[in-house]
Structures are given as C-alpha cells and as structure tokens.
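Enquirer: Below is one structure. I have some questions about it.
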Amino acid sequence: MNQKILVAIATATLLAGSSLSAESLPLQSVNKAGEVIDAAIEAHGGAEALSNLNTLVQKSDFINHATGQSRKPDPPYDQSAQTNINAIDFKESAFANRNAGEGGGFVFDGGTIIDGENSWQIDYRAGTAAPITQPDFNTQSGPFIRVTPALLMKQLQSRRNTSNWLGEAEVNGRKHDVITLVMETGPALALYIDRESHMLTRMERVLPPFGQVEYEFLDYVMVDGIAFNQKFNLLVNGEENLVINNRSTEVNAPMEAYLQVPQNLEKVAAIVPDELSTQEIDEGVFLIGGNGTYALFVEMKDYVVAIGGTQTVPVSITEMRKVIEDKPIRYGVLTHHHNDHVVGAAAYAGEGATIITFRENEAVVRTAAGSDEARLEFVEDSMTLTDGNRKVVLYNIGPTPHADNMLIAYLPDQGIIFEADHFPQPLSGEIPPAVPATAAFAEALDRLDLSYTKIVGAHSPRIASPADLKTALDRESAAATGGR
C-alpha cells in the first residue's frame, strides 16, 4: 500500500492550546468535527441534495482477492469475479441486495429483501424464498452504506453530534482531517476528509477478530448533483481484498421492482434468528454455537476433543461446561487455515489444549493463537484420537476447491461427520444444489468408504443425512433470474 499516514492525535493537539480556550477538549473536538462535516457535505452535493436522496440503486462488478480465504495460507491469493446490485429506500426503511459469482469452491446467486413484514432471504440457485421473521434494515443496509460516500454523508447529517475530530493525517501526500462516525450498528468508523477538496477519500474501522479494514474511495463523478465514487478498494490489514467498479448509479429511482419476490421462486419456511444453542447429537457429542458458527465437542473418558475454530469457540466452551463440567479440553482441532476458522485457536491455547492443524498452516495458527508457545500437533493424511473406547478420526480430504488441506472429523461408532465450508446447510427450506466444494466433499467420503448417518457443519445447526447430500448432488441450479 503506497500510503504514508502520519496521524496526530487530537488530544495532544488540543492540550497544547487548551490554555488559550475556555472550551473543554471534547467540545473542541466536536466543534472541529462539525466544521469538517459541513465542508464535506457541501463538497459531496450539499445538504439539500443529500437530504432529498431518498432512494439509490447501484450496480457494480468486483474482484475479490481472497485474503485469508484462499486455497493456500500464503499469497498470492485466489481471485474471483462477482456482480452486485444494491437498492435502498430511506423513507420506507427498505433495502434489497443481489450478489452472484463464484469462488472458493462455491457458486452463489442470492439476495435479501428488507421491507418490513415483506422481508425475504432469496436463493436463486435453489429457487427458494424464505421469510425473514426479524428484519433489520440498519444491519442489512450497513455494508452498502459503508462503501458509498454519499450515504455516509447522509449518516453524518443525522448523526453529527456523535462525531469527533481525531486529528490530521497525510494520505498520498495530501493532508486530511480525520473524524469519527458511529452508525446505528457496527464499529466506529474513522473518515479521512481531504482538506483541499473536502472529499472522503479513505475510511478505516477495526473489526475484531480480523483486524483493521481500510476503504479507499476513488474516481468521483456527479450524478444528479451528488458525488459518487466509481471505484472502491477494500483492504484487510493492508492487503487488498475487494476492488469494486460501480457500473451504474440511479438517484431517486423507483424501488418497487427490487422489493418483489419473483413468482417462479418457491416460498419455504421462515428464517428465524440463529441463537446460541447446544444440541446433543449423540451421547456425549455436542454441537454448540450460534449466529452461523458452530463447534463439535466430543466427550472422551478423561478429556474433551473440540472440533472447529470459528469465533464462537470461546462462548461455546462456556456452554460446553454446562454439560461436561469436569474434563479438560485436550485437543482443539482446526479444520483449515481460513481466517474465520482459526480465530478459535486463542481460546484453545488458553485452555491448555494441543491445537491440531497442518504443518503448512503453522504460522497462521500461531498468529491466531497469540503465542509462539501454543502446543501444536500436525496432521498429514489422517490422525486418530482415542481413549481406548471412543474414537475421533481426522482425515485430510484436500486438496479441494476451497483449501489445499482440509480436515473432517469422523466418529465411526456414532456415524457422525463434522465438516466445514463444503456442504452448505440453510437453516430452513430446501437443500440447495451442490457447489464444487460439495462435490469434492462427497467424492472424499466415497473414497474413504465412510459409513455415516449424520453430517454436521461449522456454519449451521441443521443436521444433514446421506440423503440430503445426495439431494444436493442430484439437483440442478434453478437458475432463476427474478427479472432483475
């Protein structure tokens, strides 16, 4: 990243001049932020134009650099192409999104409609629409707002009293003022406003546990008197992650077509919140987690084997202690190196467990564990963990389209398989058509000649059967376009 950022903390600056002003430091920070906000709003189109921006439809193409999500743990990272449509209506608190593309062994074409009681989660490949029982406009529209400077300016108009001036910074040789923005949901944002043009050129936020996310806004054009960026870059911890090109921008365009569920989609059971839960899959075998992240805990004679490394692990361990009170976690198994599947390493290290991974992933895992002293054990093709009675067999089914090395866990006596990222399981409704990663998973099960009755995964509480896997493999994509 060719940027030199020299941030002068506002407090230090203000302390130097505090004797010259009766204003408190917080008041000076708020007042300075107000001046910066006023100039930025004017530069982006003016208060009236932004206030009258009620609907926005934007279509874009983007390249995803799979930072921390590639088949190998080290760069160069895999790339994939995607298309995206976002449509927002502020007056009606309505939002629609559609995203299509492929990458990481997945093929996807899905969307969300947030429109009060008429809110839906749509899977165009499966040909289904599931009602959303608790739609949240702010949460769903937040990612679109955060990558659209004009919409960030609208946020500043309504939330300016929560903004503060952080200081000044130099970006690409130009001086910037840095102010905060706290949206309805999500972490605080740091906005970099160019001192000469008063345009938003950069934004940063910290997103635990993944680190710093940086946004670059480039190539502004005026549309109906409002400034919109034609290009957007997103970096994670300084590494390029997304490059977005906005193909079209429509201001105050009709929204109705984007809020309708296509008639050729099958309406399935409603999506309910994925709350923290504990399921006993078999005696002494517990699937614990929520919000789309799960781990499997297997009770052995004198210890516990924990499988899965998503961010739910610390909470899941606490819940596990309610059903297995007096046995230590001896092994924490990480399925693969992706950044959302190694964050649990720190919790396992804190438990004193041996972390099981691949030698190729050692650096990534030690970083996630936060300690060079964490105990690691490496798998090659397979590994069996046993107490003399119960067995947990780990198999490397890689390379797959998702990762070069990939562990599944097999409990032969219980007929249970735990997998991550290879057999997507929606919370409700139809089993979707198989993606390339699913086909690779199924081929591995056949090759290993495993006898099983249950498949559980790292991203769903749903328990699948061999028949469900066959359904996915037999289905063809519905290829519904929905007229959008």
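Enquirer: For residues that are over 17 Å from the mean Cα position of the chain (by Cα), open to solvent by less than 20 Å² (accessible area, probe 1.4 Å) and among the small types (Gly, Ala, Ser), scanning just the stretch 53-88, find the one that is nearest to Leu242 (Cα to Cα).
Expert: My answer is Ser60.
Enquirer: Name the single residue, out of those in the stretch 317-343 being within 24 Å of the chain's Cα centre (by Cα) and more than 23 Å from Phe441 (Cβ to Cβ), that is most open to solvent (accessible area, probe 1.4 Å).
Expert: Among them, the one singled out is Thr318.
Enquirer: Which residues, counting only those in the stretch 124-170, are closer than 23 Å to Glu266 by Cα and among the aliphatic types (A, V, I, L, M)?
Expert: Residues satisfying the conditions are Ala126, Ala129, Ala130, Ile132.
Enquirer: How about the stretch 200-214: which of its residues are farther than 16 Å from Leu166 by Cβ and in a strand (DSSP E or B)?
Expert: The initial filter retains those residues of the stretch 200-214 that are farther than 16 Å from Leu166 by Cβ, namely 207-211, 213.
Listed by number, the residues that qualify are Leu207, Gly211, Val213.
Enquirer: Right, here's the next one. All but one of (1) touching a Phe, Trp or Tyr at 6+ places or on another chain (Cβ under 7 Å); (2) closer than 15 Å to Pro149 by Cβ; (3) in contact (Cβ under 8 Å) with a residue 40 or more places away in the chain; (4) hydrophobic (A, V, I, L, M, F, W, C) hold for Val221; which doesn't?
Expert: (3)
Enquirer: Additional query: Of all residues being closer than 16 Å to Asp474 by Cβ and acidic (Asp, Glu) in the stretch 432-460, which is surrounded by the most Cβ atoms within 10 Å (Cβ to Cβ)? Just the residue, please.
Expert: The residue in question is Glu443.
Enquirer: Pairs please, first residue from the stretch 65-90 and farther than 25 Å from Thr310 by Cβ, second anywhere and among the aromatic types (Phe, Trp, Tyr) and surrounded by 15 or more Cβ atoms within 10 Å (Cβ to Cβ), Cβ atoms under 6 Å, 6+ apart in sequence or on different chains.
Expert: Asn86/Phe144; Ala87/Tyr258; Ile88/Phe95
Enquirer: Here's a follow-up. Exactly one condition in (1) in contact with a Ser or Thr (Cβ under 7 Å, 6 or more places away or on another chain); (2) touching a residue at least 60 places away in the same chain (Cβ under 8 Å); (3) outside any loop (DSSP other than H, G, I, E, B) is false for Glu168; which is it?
Expert: If we test Glu168 against (1) in contact with a Ser or Thr (Cβ under 7 Å, 6 or more places away or on another chain); (2) touching a residue at least 60 places away in the same chain (Cβ under 8 Å); (3) outside any loop (DSSP other than H, G, I, E, B), just (1) comes out false.
Enquirer: Now for a different question. What residue, among those in the stretch 285-302 that are surrounded by fewer than 18 Cβ atoms within 10 Å (Cβ to Cβ) and not basic (Lys, Arg), is farthest from Val333 (Cα to Cα)? Before you say what the answer is, go through the steps one by one.
Expert: Narrowing the stretch 285-302 to residues surrounded by fewer than 18 Cβ atoms within 10 Å (Cβ to Cβ): 290-292, 301-302.
Next, only the ones that are not basic (Lys, Arg) stay: 290-292, 302.
Values: Gly290: 19, Asn291: 20, Gly292: 18, Asp302: 17 Å.
Checked the stretch 285-302; the qualifying residue farthest from Val333 (Cα to Cα) is Asn291.
Enquirer: State all residues of the stretch 453-475 that are of a type in the set (Val, Ile, Thr) and not in a loop (DSSP other than H, G, I, E, B); if no residue qualifies, say none.
Expert: From the stretch 453-475, those of a type in the set (Val, Ile, Thr) are 453, 455-456, 463, 471; that's our starting set.
If the condition is that a residue be of a type in the set (Val, Ile, Thr) and not in a loop (DSSP other than H, G, I, E, B), then Ile455, Val456, Ile463, Thr471 are the ones that fit.
Enquirer: Test of understanding: among Pro262, Pro187, which residue is assigned to a loop (DSSP other than H, G, I, E, B) and under 28 Å from Trp165 (Cβ atoms)?
Expert: Numbers: Pro262 fails: under 28 Å from Trp165 (Cβ atoms).
Exactly one of Pro262, Pro187 is assigned to a loop (DSSP other than H, G, I, E, B) and under 28 Å from Trp165 (Cβ atoms), namely Pro187.
Enquirer: So, one more: I need the full set of residues from the stretch 429-448 which are at pLDDT 95 or above, of a type in the set (Gly, Ala, Ser) and in contact with a strand residue (DSSP E or B) (Cβ under 7 Å, 6 or more places away or on another chain), in order please.
Expert: Listed by number, the list holds a single entry, Ala437.
Enquirer: Continuing with the same structure: Among the numbered criteria (1) over 14 Å from Ile455 (Cα atoms); (2) in a strand (DSSP E or B); (3) under 22 Å from the mean Cα position of the chain (by Cα), which single criterion is violated by Phe418?
Expert: (1)
Enquirer: I would also like to ask the following. Go through the stretch 29-51 and report how many residues are of a type outside the set (Gly, Ala, Ser), surrounded by fewer than 20 Cβ atoms within 10 Å (Cβ to Cβ) and in contact with a strand residue (DSSP E or B) (Cβ under 9 Å, 6 or more places away or on another chain). Working first, answer last.
Expert: Filtering the stretch 29-51 for residues of a type outside the set (Gly, Ala, Ser) gives 30-32, 35-38, 41-42, 44, 48, 50.
Remaining after also requiring surrounded by fewer than 20 Cβ atoms within 10 Å (Cβ to Cβ): 30-31, 35, 38, 42, 48.
Still in the running and in contact with a strand residue (DSSP E or B) (Cβ under 9 Å, 6 or more places away or on another chain): 30-31, 35.
Number satisfying all stated conditions: 3.
Enquirer: Here's something else I'd like to know. Could you tell me which residue of the stretch 344-373 is least open to solvent (accessible area, probe 1.4 Å), considering only residues that are within 16 Å of Gly308 (Cβ to Cβ), of a type outside the set (A, V, I, L, M) and in a loop (DSSP other than H, G, I, E, B)?
Expert: Per the criteria, the residue is Gly344.
Enquirer: Can you tell me which residue among Val206, Val261, Val182 is without any contact (Cβ under 8 Å) to a residue 24 or more places away in the chain, open to solvent by 20 Å² or more (accessible area, probe 1.4 Å), farther than 18 Å from His44 by Cα and more than 19 Å from the chain's Cα centre (by Cα)? Walk me through how you get there before you give the answer.
Expert: Numbers: Val206 fails: more than 19 Å from the chain's Cα centre (by Cα); Val261 fails: without any contact (Cβ under 8 Å) to a residue 24 or more places away in the chain.
Within the list Val206, Val261, Val182, the selection yields Val182.
Enquirer: Can you name every residue in the stretch 211-238 that is open to solvent by 20 Å² or more (accessible area, probe 1.4 Å) and either of a type in the set (D, E, K, R) or within 21 Å of Ala43 (Cβ to Cβ) (or both)?
Expert: Glu216, Leu218, Asp219, Tyr220, Val221, Met222, Val223, Asp224, Gly225, Gln230, Lys231
Enquirer: Then there's this: Can you list the strands (runs of 3 or more DSSP E) lying wholly within the stretch 270-343 that have 2 or more residues being over 19 Å from Val379 (Cα atoms) and in contact (Cβ under 8 Å) with a residue 60 or more places away in the chain? Steps first, please.
Expert: Details: elements: 277-282, 285-290, 293-299, 304-307, 329-333.
By residue number, 277-282, 285-290, 293-299.
Enquirer: Have a look at Leu411, Leu407, Leu427, Leu394 and point out the one that is open to solvent by 40 Å² or more (accessible area, probe 1.4 Å) and either among the charged types (D, E, K, R) or in contact (Cβ under 8 Å) with a residue 12 or more places away in the chain (or both).
Expert: Details: Leu411 fails: open to solvent by 40 Å² or more (accessible area, probe 1.4 Å); Leu407 fails: open to solvent by 40 Å² or more (accessible area, probe 1.4 Å); Leu394 fails: open to solvent by 40 Å² or more (accessible area, probe 1.4 Å).
Going through Leu411, Leu407, Leu427, Leu394 in turn, the sole match is Leu427.
The values are calculated or read from the model by the stated rules, or taken from the named source; none is laboratory data. As the structure is a computational prediction, the values presented were derived from the model and not from experiment. For neighbour counting, all protein chains shown are included, and Cβ atoms are generated from backbone atoms with ideal geometry for every residue, glycine included. Note: accessible area is taken over every heavy atom of the protein model, side chains too, but ligands, DNA and RNA are not part of it. Shrake-Rupley method; radii C 1.70, N 1.55, O 1.52, S 1.80 Å.
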